[in-house]
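Undergrad: Please find one structure pasted underneath; my questions will follow.
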Number of protein chains: 2
Amino acid sequence: MRPKIFLFGDSITEESFSDGGWGASLADLLCRKADIVLRGYSGYNTRWALKVVERVFPAAAENGGEHPAAVTVFFGANDACLPERCSGFQHVPLHEYKQNLRSIVSFLKNRWPQTVIILIAPPPIDEEARLRYPYIENTTGIPERTNEAAGSYAKACVDVANECQISAIDLWSRMQQIPNWQTECLWDGLHLSRIGNKIVFEEVANKLKEEGIGAEDLLVDLPLIEDVDPKKPLEAFDEF
Amino acid sequence: MRPKIFLFGDSITEESFSDGGWGASLADLLCRKADIVLRGYSGYNTRWALKVVERVFPAAAENGGEHPAAVTVFFGANDACLPERCSGFQHVPLHEYKQNLRSIVSFLKNRWPQTVIILIAPPPIDEEARLRYPYIENTTGIPERTNEAAGSYAKACVDVANECQISAIDLWSRMQQIPNWQTECLWDGLHLSRIGNKIVFEEVANKLKEEGIGAEDLLVDLPLIEDVDPKKPLEAFDEF
């Protein structure tokens, strides 16, 4: 039946079916062609992701024997929390972040050698907005994340993708090309605005296209209404 | 793993992951709890749906042995096209529409006796807008659908649900409670506006709740960040 595309990541993935969200936009783009499977886990870093990855991705037998067409792996925003600040328990050192990403990619490649894997680097951080929208009480006056740290993790993510010869979306760099990216692309200094969601959607859709599984490449499930002959409509369904 | 909820229907289902769409809103509401599987087929009536139903719903073995938690069955807007008008090839007589709905329900009940089935009746029709937004050339000056006909199919849908002892959402009646429903709930006299989508979302979410599979009833997949102890975060993942 329809190929599956898994979206694996943190809150930026978990929230991707909210109004204008990038996950919902992908589901809409591929609405007769692929199933978008949401596997976002708010707050998770790569250390926790690695702990649960076997459970998130069911073995072939439980999945009708099918391999997913693609998996997006979108972590780093939480790993990049600074260790000595108020969200320090989510921090993962840069070296371990890279190793964890490699392990997640290896796991997916072992399970499904044909599946397209797309790494998505974390977005930039608007530090001022992070102080205005804290998730946990922050009386320190300094933000739990910095844009510089996010940049290091984004670069590391792209490096791992190159090393593993898979696609990457460098969201940190891409978003900073937008004038006033701080408020145009983000709403709380970290999570995506409508425009930010649109950018992620377009980047993922482009990568899928580059990998040969774009909207034009995938088969349509069952006859389209425009392929039904008004004079003898049932003929279109004779084989089903 | 996560229970599945299938959305089976025509274009009003196929488009339900567009901006503000009712399917995307359900996926967002249940984002850590259930997978919303989109099976909308633009232009389809119950006659065509019945032809393809076996293919749309994979047998248990192909589906990891799991039964879906719920299926919404949302047809009738195309069946209710008037036979002698410009979309007449989509018309299905009222008596056959009821019989086809019964057959679809029987098929689902046989395949998955425990699955909750929710019938959704077609929305009302704004005939004037249908003339302004024709899908195929319409030089006749009369619309291909009427609100009166849609009402007969909606009533028939609710009757079948009662007869089969399953839930129904009488969208035709519900939407006409909204002042200026013609433009508030619909954008082209048939398909849903943002408000129309919100109504369908709320009605389906309420039915799921009534059936014991609402957002509060379903289990969360993997530990929530608020259940992770900042002092010893890995303990939350020890069992995975």
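Undergrad: Just the number, please: buried accessible area between B and A, total of both chains, 1.4 angstrom probe, nearest 100 square angstrom.
TA: 4200 Å²
Undergrad: Probe radius 1.4 Å, ligands and nucleic acids left out: which of B:His67, B:His191 has the largest accessible area, and how do the rest follow? Please list the in-between numbers first.
TA: Details: B:His67 70, B:His191 10 Å².
Correct descending sequence by accessible area is B:His67, B:His191.
Undergrad: Over the protein assembly as shown, with every protein chain in place, what whole percent of the accessible area is carbon and sulfur at 1.4 Å, could you tell me?
TA: Values: 9720 of 20010 Å².
Percent of accessible area from carbon and sulfur atoms in the protein assembly as shown: 49.
Undergrad: With springs only between Cα atoms under 10 Å apart, run a GNM on chain B and tell me which of B:Leu108, B:Leu224, B:Leu131 wobbles the most.
TA: Highest fluctuation of the listed residues: B:Leu224.
Undergrad: Follow-up. Where the label is 7 Å out from Cα toward Cβ, how close does A:Lys209 come to the same position in every other copy, in nm, shortest first?
TA: Copy-to-copy label distances at A:Lys209, shortest first: 4.2 nm.
Undergrad: Could you pull the accessible area for B:Thr183 with a 1.4 Å probe, rounded to 10 Å²?
TA: Accessible area, nearest 10 Å²: 100 Å².
Undergrad: At a cut-off of 50 Å², which residues of region A:39-55 become less accessible once all protein chains are present than in their chain alone, using a 1.4 Å probe?
TA: Residues meeting the cut-off: A:Arg39, A:Tyr41, A:Tyr44, A:Trp48, A:Lys51, A:Arg55.
Undergrad: Here is a further query. In whole angstrom, and with the biggest value first, how far do the Cα coordinates of region B:80-146 range along each principal axis?
TA: Ordered largest first, region B:80-146 gives principal extents of 48, 19, 17 Å.
Undergrad: For chain A, modelled as a Gaussian network with Cα springs under 10 Å, which listed residue fluctuates most, A:Asp188, A:Asp221, A:Asp35?
TA: Its mean-square fluctuation being the largest, the pick is A:Asp221.
Undergrad: Given the options B:Asn162, B:Asn100, B:Asn45, which has the most mean-square fluctuation in a GNM of chain B, springs set between C-alpha atoms less than 10 angstrom apart?
TA: B:Asn162
Undergrad: If you don't mind, another one. Over the C-alpha atoms of region B:85-193, what are the Rg and the largest Cα-to-Cα span, Dmax, in Å?
TA: Rg, Dmax (Cα atoms, Å): 15.4, 48.
Undergrad: Would you mind checking A:Lys4/B:Lys231; B:Lys33/B:Lys198; A:Lys51/B:Lys207; A:Lys155/B:Lys33; A:Lys155/A:Lys209; A:Lys4/B:Lys51 for any pair whose Cα atoms are more than 30 angstrom apart? Write out the running numbers ahead of the final one.
TA: Values: A:Lys4/B:Lys231 37 Å; B:Lys33/B:Lys198 20 Å; A:Lys51/B:Lys207 36 Å; A:Lys155/B:Lys33 33 Å; A:Lys155/A:Lys209 23 Å; A:Lys4/B:Lys51 24 Å.
Cα-Cα > 30 Å for A:Lys4/B:Lys231; A:Lys51/B:Lys207; A:Lys155/B:Lys33; rest within.
Undergrad: Further question: Based on the Kirkwood radius over alpha-carbon pairs, what value in µm²/s does the Stokes-Einstein equation return for the translational diffusion coefficient of region B:4-237 at 25 °C and 0.890 mPa s? Display every interim value, and only then the final one.
TA: Working: Rh = 18.6 Å.
Using the Kirkwood radius from Cα pairs, D works out to 132 µm²/s.
Undergrad: Send over a whole-number figure in Å² for the accessible area per residue of chain A, probe 1.4 Å.
TA: On the way: 9990 Å² over 240 residues.
Result: 42 Å² per residue.
Undergrad: Compute, for chain B, the length of the dipole vector about the Cα centre, with Cβ point charges of +1 (Lys, Arg) and -1 (Asp, Glu) only. Units Debye, rounded to 20. Don't skip to the answer; put the middle values down first.
TA: Numbers: 24 positive and 36 negative charges, 115 e Å.
Value, rounded to 20: 560 debye.
Undergrad: Peptide A:223-232: average number of partner chain Cβ atoms within 10 Å per residue?
TA: Values: counts 6, 3, 13, 4, 0, 5, 1, 6, 1, 1.
Partner-chain Cβ atoms within 10 Å, mean over residues of A:223-232: 4.
Undergrad: Next up: Sort shortest first the distances from A:Asp19 to its counterpart in every other copy, using label points 7 Å along the Cα-to-beta-carbon line, and give them in nm.
TA: Between copies, matching label points for A:Asp19 lie 1.2 nm apart.
Undergrad: Using only the Cα atoms of region B:2-95, what do you get for the radius of gyration and for Dmax, in Å?
TA: 14.9, 48
Undergrad: Give me D for the protein assembly as shown in µm² s⁻¹, whole number, from Stokes-Einstein with Rh from the Kirkwood sum over alpha-carbon pairs, 10 °C and 1.306 mPa s. Each step should come with its number before you reach the end.
TA: On the way: Rh = 23.7 Å.
Value of D from the Cα-based Kirkwood radius: 67 µm²/s.
Undergrad: Would you calculate, for the protein assembly as shown, the mean residue ellipticity at 222 nm contributed by helices, counting each DSSP H stretch of 4 or more residues as -39,500 (n - 2.57) and dividing by all residues, to the nearest 500?
TA: -11000 deg cm²/dmol
Undergrad: Tell me the distances, shortest first, between A:Arg55 and the same position across the other copies, using label points 7 Å along Cα→Cβ, in nm to one decimal.
TA: 3.8
Undergrad: I'd like the accessible area for A:Ser42, computed on protein heavy atoms only with a 1.4 Å probe and all protein chains in place. Round to 10 Å², please.
TA: 40 Å²
Undergrad: Turning to a different aspect of this structure: Kindly state, to the nearest 0.05, the FRET efficiency for A:Asp217 paired with B:Gln165, given R0 = 41 Å and r defined as their beta-carbon distance. Walk me through the intermediate numbers first.
TA: Values: r = 44 Å, r/R0 = 1.08.
Using R0 = 41 Å, I get an efficiency of 0.40.
Undergrad: So, one more: What percent does the relative contact order of region B:4-237 come to when contacts are Cα pairs within less than 8 Å and at least six residues apart?
TA: Values: 407 pairs, mean separation 47.1, N = 234.
Normalised by residue count, the contact order of region B:4-237 is 20 percent.
Undergrad: Return the loop-located GluC sites (Glu not before Pro) in region B:1-107 (DSSP other than H, G, I, E, B) with at most 15 other Cβ atoms within 10 Å of their own Cβ; answer none if there are none.
TA: Passing sites in region B:1-107 are B:Glu66, B:Glu84.
Undergrad: Which residue of chain A is nearest the rotation axis onto chain B, counting by its Cβ, and what is the distance in whole Å?
TA: A:Ala24, 2
Undergrad: Set the Förster distance to 60 Å, then compute FRET efficiency between A:Ser193 and B:His95 from the Cβ-Cβ distance, nearest 0.05. Write out the running numbers ahead of the final one.
TA: Numbers: r = 51 Å, r/R0 = 0.85.
With R0 = 60 Å, the Cβ-Cβ based efficiency is 0.70.
Undergrad: Please name whichever of A:His67, A:Ser167, B:Val200 sits farthest to the positive end of the charge dipole of the protein assembly as shown, dipole taken about the Cα centre and charges placed at Cβ: Lys and Arg +1, Asp and Glu -1.
TA: Going by the Cα projections, it comes out as A:His67.
The values are calculated or read from the model by the stated rules, or taken from the named source; none is laboratory data. Computed from a predicted structure; not experimentally measured. Heads up, the Cβs are rebuilt from the backbone with ideal geometry, glycines too, and the neighbour counts pull from every protein chain shown. We work out accessible area using only protein heavy atoms, side chains counted, and drop any ligands, DNA or RNA first. Shrake-Rupley method; radii C 1.70, N 1.55, O 1.52, S 1.80 Å.
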